[in-house]
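Working notes for the structure below.
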Amino acid sequence: MGWAAHYIAALKSGQSVQFRPRGASMVGRIGSGQLVTVEPLGAVPPVKDEIVLCKVNGNEYLHLVKAVNGNRFQIGNNRGGINGWTTLVQVFGRCVKVEP
């Protein structure tokens, strides 16, 4: 079970979630400890440059959609790192708000 398992479960049941992610991978978009609000993905797929809560190769990330290729999404951080490609089934929510 990963750090985001209970947030993912809530998103799958249609609930929005709030949490304070830690780390520097999204600095410039999300600072370590800032409060984020993530809403369920719904019927609208994510687009390039959107921040999503997803799984890539079994790891959970709150990272950027770097590229879209049909039903596949390349996920990476805000420092140039790429986590890999994932499918729509593994994208659980989109970040709609970042606050201090």
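Restrict the search to the stretch 1-88; then list the chymotrypsin sites (Phe, Trp or Tyr not before Pro) that DSSP places in a loop and that have at most 16 other Cβ atoms within 10 Å of their Cβ. Intermediate results must be reported in sequence, preceding the final value.
Details: sites: 3, 7, 19, 61, 73, 85; in loops: 3.
Answer in residue order: 3.
Taking the Cα centre of the stretch 21-76 as origin, work out the dipole magnitude from +1 charges on Lys and Arg Cβ and -1 charges on Asp and Glu Cβ, in debye rounded to 20.
That gives the stretch 21-76 a dipole magnitude of about 160 debye.
Per the Kirkwood treatment, what hydrodynamic radius in Å, one decimal, follows for the chain from the mean inverse distance over all distinct Cα pairs?
Details: mean 1/r = 0.0755 Å⁻¹.
Averaging 1/r across every pair of different Cα atoms and inverting gives 13.3 Å.
About its Cα centre, what dipole magnitude does the chain give when the only charges are +1 on Lys and Arg Cβ and -1 on Asp and Glu Cβ, stated in debye to the nearest 20? Mind showing how you got there, number by number?
On the way: 11 positive and 5 negative charges, 29 e Å.
Charge dipole, the chain, about its Cα centre: 140 debye, nearest 20.
Count the net charge of all other residues whose Cβ sits under 9 Å from the Cβ of residue 66, scoring Lys and Arg as +1 and Asp and Glu as -1.
Numbers: positive: 48; negative: 49.
That works out to 0.
What accessible area per residue, rounded to a whole number of Å², is obtained for the stretch 1-54 using a probe radius of 1.4 Å?
For the stretch 1-54, the per-residue accessible area is 55 Å².
Within 10 Å of each candidate Cβ there may be at most 13 other Cβ atoms; applying that plus a DSSP loop requirement, which trypsin sites (Lys or Arg not before Pro) in the stretch 1-44 survive?
On the way: sites: 12, 22, 29; in loops: 22, 29.
Those satisfying the criteria are 22.
Relative to 2.2 N^0.38 Å, what does the C-alpha radius of gyration of the stretch 3-62 come to as a ratio? Two decimals please.
So the stretch 3-62 has a normalised radius of gyration of 1.11.
If R0 is 25 Å, what FRET efficiency do you get for residue 5 and residue 48 from their C-beta distance, rounded to 0.05?
Rounded to the nearest 0.05, the efficiency is 0.40.
The values are calculated or read from the model by the stated rules, or taken from the named source; none is laboratory data. Here the structure is a predicted model, which means the values were calculated and not measured. Reconstructed Cβ throughout: ideal geometry from the backbone, glycine too, with neighbour counts over all protein chains shown. Side chains are part of the model used for accessible areas, which takes the heavy atoms of the whole protein and leaves out ligands, DNA and RNA. Shrake-Rupley method; radii C 1.70, N 1.55, O 1.52, S 1.80 Å.
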